[in-house]
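A short worksheet on the structure shown next.
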Amino acid sequence: MLDIQIAAAAPPPFVRREEYRPPEWLVPEIALDFDLGAERTQVRATLTVARNGDHAAPLKLDGEALKLISLTVDGAEADYNHEADELTVPIAGDRAVVETLVEIAPAANTQLMGLYESGGILCTQCEAEGFRRITFLPDRPDVLSRYRVKMTADKARYPVLLANGDPVGAGDLADGRHWAEWHDPFPKPSYLFALVAGDLVANRDSFATRSGKTVDLGIWVRDGDVERTRHAMAALKASMAWDEKVYGREYDLAVFNIVAVADFNFGAMENKGLNIFNSRYILADPDTATDADYDAVAGVVAHEYFHNWSGNRVTCRDWFQLSLKEGFTVFRDQQFSADQGSAAVKRIEDVRALRAAQFPEDSGPLAHPIRPESYIEISNFYTATIYNKGAEVIRMLHTILGPEKFRAGTDLYFDRHDGEAATCEDFVKAMEDAGGTDLALFRRWYSQAGTPRVRASLTHDAGAGRAHLTLAQQVPPTPGQPVKQPMPIPLKIALFGERSGDKLADRLVLLEGDEQEIVLDGVGERPVLSINRDFSAPVVVEAERSAADLAFLSANDDNPFARYEAMQQLMLDTLIAAAAGQTPDHRPVIEAVEQTLTNTDLDPAFVAEAVLLPSEAFVGDQMLVVDPEAIHRAREALRADLGTELEGLWRSAYSAHAANRFEYSPPAKGARRLRTVSLGYIAASGASDAPQMAKRQFDNADNMTDRQGALGILVNSDAPERAAALSAFYDRYRADGLVLDKWFAVQALSTRPDTPDAVAALAEHVDFTLANPNRLRALVGSFSVNQRAFHRANGQGYRFLADMILSVDKLNPQTAAKLVPALGRWRRFDEDRAEKMKGELQRIVATLGLSKDVFEQASKSLA
Ligand code: PHE
Ligand code: ZN
């Protein structure tokens with residue numbers, strides 16, 4: 001008994017950044033020969049290995065869940081030691097050819113790491129450490145190899161055989177089998193390896209690069225889905241042109257392929273010349289994809305394409321440098337998307353995502369710097385911090401240096417490190433050298449976790465025509481980092497004259513120390529402060545501005561993001577006061593919304609974002625102790641007042657933005673968005689015809705945006721139209737996995753009090769499965785961010801989530817671990833809820849056979 005407890009409690013080891021050592025052996029060449037089959041695949045790997053430096057260490061190869069059949073060194077049988085996940089091979093000289101033959105079972109691979117099967121297609125996922133589940137290799141990103149890959153498979157079942165690089169040969173064999181061979185001329189780390197075998201059809205196109213090379217493009221999907229790849233193809237070509245224009249980066253192979261699969265742990269993967277995508281980020285047509293889905297497809301296609309330079313040509317030395325490629329590439333895809341439509345709306349969406357996912361992470365038990373110091377399981381570090389805060393850090397460099405110097409910095413970075421495995425430090429150094437700016441203090445953004453808080457206070461001396469702005473920063477303690485140094489924080493600020501509405505000052509301030517005072521002259525009238533415009537820094541600003549000042553900014557600021565932000569702050573202040581038991585006046589919010597709604601100069605897409613209330617979860621994030629029911633009541637009350645008081649305006653916006661026929665364009669998207677937001681407020685007013693209006697929109701829609709929008713409103717109501725719409729939606733789309741995900745998600749996000757029971761019932765639905773990450777995220781992931789439902793006082797939400805985590809962990813640890821952070825927020829809740837959440841975390845940690853993925857997240861959440 002005691003033994004078992006000790007075994008269960010023996011924690012998996014930490015990997016530490018400071019322990020990085022260069023590889024002892026390099027692998028300049030790799031030839032892989034795959035005999036592919038779903039039940040059984042054999043991999044013959046021929047590795048040319050070279051001793052790196054002056055040492056006598058044996059060759060060590062990573063390998064996980066591999067059946068080793070044979071091993072030779074320079075053609076002869078050789079000694080080796082195969083223990084746990086490591087194969088040790090003594091090598092006499094400085095160079096050798098090591099050949100292994102292993103067997104793996106793709107169809108039994110439920111982790112979706114390594115070679116696995118999805119809907120009859122064989123595909124790979126190697127980032128971060130999946131290659132070791134295919135064959136033995138030093139599976140680390142600083143070992144770069146030239147790959148030659150041969151695949152042999154049944155021709156009827158797997159007519160298409162794809163790998164990285166260029167196709168160099170193919171042919172038929174006896175017994176209905178065939179083969180294909182691909183060579184990738186660019187040395188790459190194993191995490192960028194990919195192959196696909198399946199019955200696929202392609203949307204083919206081509207792109208002429210600026211130097212006149214032709215690239216053959218293919219987006220490979222299942223038969224019948226080709227029409228749904230048009231948008232992704234347009235986005236791919238736009239991305240290729242954009243990266244040439246904005247970053248001077250040209251594509252480097254003759255072929256670029258994308259494959260879409262239904263089962264995928266993340267969004268997509270940037271494998272060299274062969275991106276593999278979660279099908280939800282490729283397939284889009286008006287009947288099945290919303291405008292938001294269209295935007296996500298374009299954004300992810302661009303992101304993966306941009307990795308060809310920021311990630312592949314220049315890769316990461318070790319996984320602590322993950323944000324080097326991810327933060328930079330997210331910044332690049334954000335810039336791209338901003339250029340395609342409304343930059344202001346894109347910035348609002350990006351900041352909303354940062355606040356929804358990264359701010360809570362940064363203030364909780366899993367907080368880590370964008371360049372972490374240690375990990376147990378690297379898969380747990382594909383976080384909003386690495387990606388989204390990482391992008392904000394790059395954006396701050398762009399803001400501080402300005403676009404020209406920033407571009408000089410990226411040119412220098414690509415130039416210096418092309419073909420290398422680089423570090424975050426290399427990136428900052430390139431920026432420093434090209435920009436001629438000292439970034440010594442800026443480096444703290446890489447080493448310190450936590451969201452800085454900036455206090456801003458403005459005083460005005462009317463006689464002297466002068467304003468004093470005092471800025472003070474404080475970086476909160478985070479796990480392992482009790483004391484912080486001040487960070488350089490770039491803040492775009494402006495002052496507006498309260499009386500004239502004139503802009504009296506507009507500048508970029510770099511707050512470097514704990515506190516700083518700025519003197520602004522030429523300020524004769526009382527100024528109103530606009531700060532962190534465009535969200536120039538990922539910080540929380542406390543500026544203590546009155547409701548009147550915020551309303552003024554929401555109507556008069558010339559920076560659209562700042563206008564949105566002022567309105568959000570006004571709404572937030574009102575909601576927090578109400579949730580804390582006060583009875584704040586709703587008038588200032590109602591009047592500000594009315595002003596925005598009636599301002600015909602504004603883009604409807606912007607108006608739709610500006611008039612939306614902050615989410616319940618975001619309100620909760622501002623409170624010391626989250627009271628989910630009080631927040632829900634406060635928010636519903638304000639929604640109802642907004643709906644009732646402005647009912648006429650909502651109704652005219654609703655009819656003014658009706659369209660005859662679907663069109664995909666920024667104005668048409670904006671109109672759809674404002675129309676559904678208006679319908680939401682009409683429903684919130686309690687108008688008796690609201691359910692019929694929503695049902696009519698649902699029935700008559702010629703696109704998914706309107707249909708899902710109406711369903712999202714009905715799902716919160718008790719009207720009979722609710723059940724009718726849900727069942728019509730199910731009947732129409734039950735065969736389409738991606739749309740069925742929406743059906744699960746919309747119900748899990750319902751604000752109705754019975755949502756926890758409904759979600760538990762849906763987990764028993766015939767179409768629910770733990771094996772598909774999209775389906776799991778749709779139901780369980782959505783439920784865990786539905787603050788009111790998940791935090792139901794009786795703890796059933798916590799129990800349900802913990803049960804799900806434990807079940808999924810047996811199949812797919814990576815995906816299970818992503819569900820843990822919702823339970824880790826226990827410190828923010830009342831004692832009763834906190835105890836219940838902790839109890840579930842303890843139950844998880846005490847489970848025998850837990851993966852290290854879930855162990856790391858759950859044990860850190862308890863600490
Ligand atoms: N590197 C991928 C991306 O951002 C994400 C990913 C990580 C995909 C791990 C699969 C596995 O773009
Ligand atoms: Zn990425």
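The values are calculated or read from the model by the stated rules, or taken from the named source; none is laboratory data. Only a predicted model underlies this, so the values are computations on that prediction, with no experimental measurement involved. Neighbour counts run over all protein chains shown; Cβ positions are idealised from the backbone, glycine included.
Figures for the structure shown
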quantity	calculated
Lone unmet requirement of (1) among the small types (Gly, Ala, Ser); (2) assigned to a strand (DSSP E or B); (3) within 23 Å of Lys67 (Cα to Cα) for Ala180	(3)
Residues satisfying the stated conditions in region 257-282, i.e. within 15 Å of ligand 2 (Cβ to nearest atom) and in contact with a helix residue (DSSP H, G or I) (Cβ under 6 Å, 6 or more places away or on another chain)	Asn265, Gly267, Ala268, Glu270, Asn271, Lys272, Asn275, Tyr281
Those residues of region 259-295 which are within 13 Å of ligand 1 (Cβ to nearest atom) and of a type in the set (Val, Ile, Thr), in sequence order	Val261, Ile276
Pairs with Cβ under 9 Å, 6+ apart, first in region 368-385 and over 14 Å from Val15 (Cα atoms) and touching a residue at least 60 places away in the same chain (Cβ under 8 Å), second aromatic (Phe, Trp, Tyr) and more than 14 Å from ligand 2 (Cβ to nearest atom)	His368/Tyr375; Pro369/Trp445; Pro369/Tyr446; Ile370/Trp445; Ile370/Tyr446
In region 327-344, residue surrounded by the most Cβ atoms within 10 Å (Cβ to Cβ) [restricted to those that are within 11 Å of ligand 2 (Cβ to nearest atom) and of a type in the set (D, E, K, R)]	Arg332
Scope region 74-90; condition more than 12 Å from Val49 (Cβ to Cβ) and β-branched (Val, Ile, Thr); matching residues	Thr88
Inter-residue pairs, beta-carbon under 6 Å, first farther than 11 Å from Gly419 by Cα and in region 294-316, second within 11 Å of ligand 2 (Cβ to nearest atom) and not in a helix (DSSP H, G or I), 6+ apart	Val300/Gly267; Val300/Ala268; Glu304/Ala268; Glu304/Glu270; Glu304/Asn275; His307/Glu270
Test: residue in region 345-363 that is modelled with pLDDT of 95 or more, of a type in the set (Asp, Glu), assigned to a loop (DSSP other than H, G, I, E, B) and surrounded by 20 or more Cβ atoms within 10 Å (Cβ to Cβ)	no
Search result, residues across region 110-158 that are more than 13 Å from Leu192 (Cα to Cα), within 16 Å of ligand 1 (Cβ to nearest atom) and among the polar types (S, T, N, Q)	Thr110, Gln111, Ser118
Single residue of Gly299, Gly327 found to be assigned to a helix (DSSP H, G or I), farther than 22 Å from Ala822 by Cα and in contact with a Gly (Cβ under 8 Å, 6 or more places away or on another chain)	Gly327
Considering residues of region 376-401 that are over 18 Å from Leu354 (Cβ atoms) and within 14 Å of ligand 1 (Cβ to nearest atom) only, the residue surrounded by the fewest Cβ atoms within 10 Å (Cβ to Cβ)	Ile378
Pro476 vs. criteria buried (at least 19 other Cβ atoms within 10 Å of the Cβ), in contact with a strand residue (DSSP E or B) (Cβ under 9 Å, 6 or more places away or on another chain) and not basic (Lys, Arg)	no
Candidates Leu366, Leu322 - the one that is at pLDDT 95 or above, within 21 Å of Val854 (Cβ to Cβ) and not in a helix (DSSP H, G or I)	Leu366
Of all residues in region 283-295 being small (Gly, Ala, Ser) and in contact with a helix residue (DSSP H, G or I) (Cβ under 6 Å, 6 or more places away or on another chain), the one that is surrounded by the most Cβ atoms within 10 Å (Cβ to Cβ)	Ala284
Residue match in region 13-31 (condition: within 21 Å of Pro106 (Cα to Cα), in contact with a strand residue (DSSP E or B) (Cβ under 8 Å, 6 or more places away or on another chain) and in the same structural domain as Phe131 (by TED's automatic domain parsing))	yes
Residue in region 634-669 that is farthest from Ala578 (Cα to Cα), counting only those that are assigned to a helix (DSSP H, G or I) and free of Cβ contacts under 8 Å to residues at least 12 places away in the same chain	Ala668
Residue check, Ala92 crowded, with 21+ Cβ neighbours inside 10 Å, of a type in the set (Gly, Ala, Ser) and not assigned by TED's automatic domain parsing to the domain that holds Thr815	no
Which numbered condition His460 misses (of (1) more than 30 Å from Glu525 (Cβ to Cβ); (2) away from ligand 2 (no atom under 16 Å from the Cβ); (3) over 17 Å from the mean Cα position of the chain (by Cα))	(1)
Flag for Ile348 being more than 13 Å from ligand 1 (Cβ to nearest atom), touching a residue at least 40 places away in the same chain (Cβ under 8 Å) and closer than 21 Å to Lys818 by Cα	no
Out of Leu412, Leu439, sole residue that is modelled with pLDDT of 95 or more and either assigned to a helix (DSSP H, G or I) or of a type in the set (Ser, Thr, Tyr) (or both)	Leu412
Members of region 795-848 that are crowded, with 17+ Cβ neighbours inside 10 Å and basic (Lys, Arg)	Lys818, Arg825, Arg828, Arg833, Lys836, Lys838
Residues (of a type in the set (Lys, Arg), out of contact with any Leu (no Cβ under 9 Å at 6 or more places or on another chain) and either over 12 Å from Asn308 (Cα atoms) or more than 16 Å from ligand 2 (Cβ to nearest atom) (or both)) located in region 234-256	Lys245
Every pair of residues 6+ apart whose Cβ atoms lie under 7 Å, when the first sits in region 329-342 and is among the polar types (S, T, N, Q) while the second is away from ligand 2 (no atom under 16 Å from the Cβ) and outside any helix (DSSP H, G or I)	Ser342/Asp603
Matching residues, region 264-296, being in a strand (DSSP E or B) and of a type in the set (A, V, I, L, M)	Ala268, Met269, Leu274, Ile276
Hey, Leu612 assigned to a loop (DSSP other than H, G, I, E, B), at pLDDT 95 or above and within 21 Å of Asp558 (Cα to Cα) or not	yes
Residue that is nearest to ligand 2 (Cβ to nearest atom), among those in region 283-326 that are farther than 24 Å from Glu392 by Cβ and small (Gly, Ala, Ser)	Ala284
Residues of region 514-533 satisfying the condition of being within 19 Å of Gln473 (Cα to Cα) and either outside any strand (DSSP E or B) or touching a Gly at 6+ places or on another chain (Cβ under 9 Å) (or both)	Asp514, Asn532, Arg533
Top-ranked residue in region 302-314 [being under 20 Å from Ser379 (Cα atoms) and either assigned to a helix (DSSP H, G or I) or more than 11 Å from ligand 1 (Cβ to nearest atom) (or both); ranked as farthest from the chain's Cα centre (by Cα)]	Glu304
